[in-house]
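The values are calculated or read from the model by the stated rules, or taken from the named source; none is laboratory data. Since the model is a prediction, treat every value here as computed from it, not as a measurement. So basically every Cβ, Gly included, is an ideal-geometry build from the backbone, and we count neighbours across all protein chains shown. These area figures cover heavy atoms from the full protein model, side chains too; ligands, DNA and RNA do not enter into them. Shrake-Rupley method; radii C 1.70, N 1.55, O 1.52, S 1.80 Å.
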Amino acid sequence: MSEQSRRPHKPAKPYRRPHKDPVRILAFDALRAVDERDAYANLVLPPLLRKAREKGDFDGRDAALATELVYGTLRRQGTYDAIIASCVDRPLREVDPPVLDVLSLGAHQLLGTRIPTHAAVSASVELARVVLGDGRAKFVNAVLRKVAQHDLDGWLAKVAPSYDEDPEDHLAVVHSHPRWVVSALWDSLGGGRAGIEDLLAADNERPEVTLVARPGRAGTAELLREDAAVPGRWSPYAVRLAEGGEPGAIDAVREGRAGVQDEGSQLVALALASAPLDGPDEKWLDGCAGPGGKAALLGALAAERGAVLLAAEKQPHRAGLVARALDGNPGPWQVIAADGTRPPWRAGTFDRVLVDVPCTGLGALRRRPEARWRRRPEDLENFAPLQRALLRTALDSVRVGGVVGYATCSPHLAETRAVVDDVLKQRPHTELVDARPLLSQVPALGDGPDIQLWPHLHGTDAMYLALIRRTG
């Protein structure tokens, strides 16, 4: 008998099925949808959470963790990419996207949450076994063990260039924004290190859920009876929900008498509604009305004065959302599917006109963190002709003595003042209205006459508004 045959046979290690963690699997599925389908997390995540609750897989704490994993990973993607790149032996572009998603989820648990190190690594490896297979799980394990060797500050000291050497690249890595976005936001702020750092940090904070009590249908007193509710900062119709507040559980929201609407968006509508007019105040237009938040507030405010709102939206399905938001509003209103650059209404018809134009959305990066990685500088050139065309049409649509509000959810100068300045150079019979006194309760609105809101100063999206009166 050979030596080998006399050795006792060592039984094979039994195969252990990977543990399926529904929270992390859901977070992975959401990240894949964002990456593969160019979806937005705020649209993908709610139905996934609802389905998990219906199956009995989730409770409130599970939903909160899944939400934090998805949004935290997306917000910090640039920082985590720099860290992971230093822990792998190949260019990051050669790492398969699903593997990178698992690594990013693991990095966020290690560096951005209070989950213990061993739990973060083991949970990520188990997720990799489920969604990637055992072979790739070993790679995930090796990389995350390297990531776990330092905390976030330690890693930033290693992977971020010094501020003195390259301030924009330093801020891009430390605060997880593309370099071109850092540069653009810095220009919009007007310089200074403290302001840009505060803004970039605010973009990475979880935004509060803000409700609007629609006049004539609900009051803030009703909304404030909810356990998690506190008054808004600036808008008389705003109520903020503390962390954990669920809008869908509130009767007024379910019934459409109140809605979810950022306070900056409310302030834009309020400023337009408060602008002084020369002449009658009977016909209002929302020329880019989808998905309907501003239209619902404007319609309610118009009804209080006996005015009528026409809400126009180019995309029929978005026009349907506008109609749903306005359904039940007091007073007369109408929603039509129409291209704001080729309007079906006659020139000079309206007393007040709002155009909240399509834009890069750089002012809402708290709510749509993936937009910072999806947008490119060339997008500005694509939006520019449409933004100018919509403002020109709005000025045609308002009567002499009436007011147009040009709004964007972007503070980028190419989408704000550059558009207004270019259009008004060709429109001699117009004048800018100082919008700041109309929101006298709100500090730090800028040098005027236009208004720029900021997440770090006002707790709102970075909404921009210019008010223009037609004088001839």
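Observations on the model:
- Segment D38-K55, length gained on full extension (0.36 nm per residue, minus Cα span): 3.5 nm
- Whole-percent carbon and sulfur share, accessible surface of segment 222-304, 1.4 Å: 48
- By the rule of a C-alpha distance below 23 Å, with chain neighbours fewer than 8 residues away ignored, the lysines paired with K314 are K283, K294.
- Check: the chain dipole with +1 on Lys, Arg Cβ and -1 on Asp, Glu Cβ, in debye: 1560
- For P(r) over Cα pairs in 20 Å bins from 0, in percent, computed directly from the structure shown, the correct entry in (1) 24, 58, 17, 2, 0; (2) 22, 50, 23, 4, 1, 0; (3) 26, 61, 13, 0 is (2).
- The C-alpha atoms of the chain define a longest principal axis, and helix 22-37 lies at about 60 degrees to it.
- Gain in span if fully extended, R90 to E165, counting 0.36 nm per residue against the direct Cα distance: 24.4 nm
- Area accessible to solvent at H429, 1.4 Å probe radius, in Å²: 110
- For V308, the amide hydrogen comes within under 5 Å of the amide hydrogens of K283, W284, counting only partners 5 or more places away or on other chains and with H modelled in the peptide plane.
- Label-point separation in nm, R254 to A228, each point 7 Å along Cα→Cβ: 1.6
- Using the rule -39500 (n - 2.57) for each DSSP H run of four or more residues, divided by the residues of the chain, the 222 nm mean residue ellipticity is -14500 deg cm²/dmol.
- Relative contact order (%) - criterion: Cα under 8 Å, at least six apart; region: the chain: 12
- For the pair D327 and R114, label points projected 7 Å from Cα toward Cβ lie 4.3 nm apart.
- Nitroxide proxy distance, nm - points 7 Å out along Cα→Cβ at R179 and K158: 2.2
- At a probe radius of 1.4 angstrom, the accessible area of segment 391-472 per residue rounds to 35 square angstrom.
- Carbon + sulfur, % of accessible area of segment 47-135 - ligands and nucleic acids excluded, 1.4 Å: 49
- Solvent exposure of segment 243-351 as accessible area per residue, Å², 1.4 Å probe: 43
- Computed from the C-beta positions of D379 and T471, the FRET efficiency with R₀ = 25 Å rounds to 0.15.
- Contact order relative to length of segment 171-328, as percent, for alpha carbon pairs under 8 angstrom and 6 or more apart: 18
- Relative to the longest principal axis of the Cα atoms of the chain, the long axis of helix 60-75 lies at roughly 80 degrees.
- Antiparallel beta bridges, as assigned by DSSP with both residues in the chain, represent about 55 percent of the total such bridges.
- Cleavage-rule hits, trypsin sites (Lys or Arg not before Pro), segment 224-270, DSSP coil, Cβ neighbours within 10 Å at most 16: R225, R233
- Residues listed by number, segment 293-317, amide nitrogen under 15 Å from R342 label point at 7 Å toward C-beta: 313-316
- Overall, the accessible surface of segment 366-472 at a probe of 1.4 angstrom is composed of carbon and sulfur to the extent of 51 percent.
- In segment 215-291, the GluC sites (Glu not before Pro) that fall in loop regions by DSSP, at most 15 other Cβ within 10 Å: E243, E255, E282
- Computed with a 1.4 Å probe over protein heavy atoms only, the accessible surface of segment 47-147 comes to 46 Å² per residue.
- Within segment 343-375, trypsin sites (Lys or Arg not before Pro) in DSSP loop having at most 14 other beta-carbon neighbours inside 10 Å: R346
- Positive-end extreme of charge dipole, the chain - chosen from V357, A184, A85 (charges on Cβ): A85
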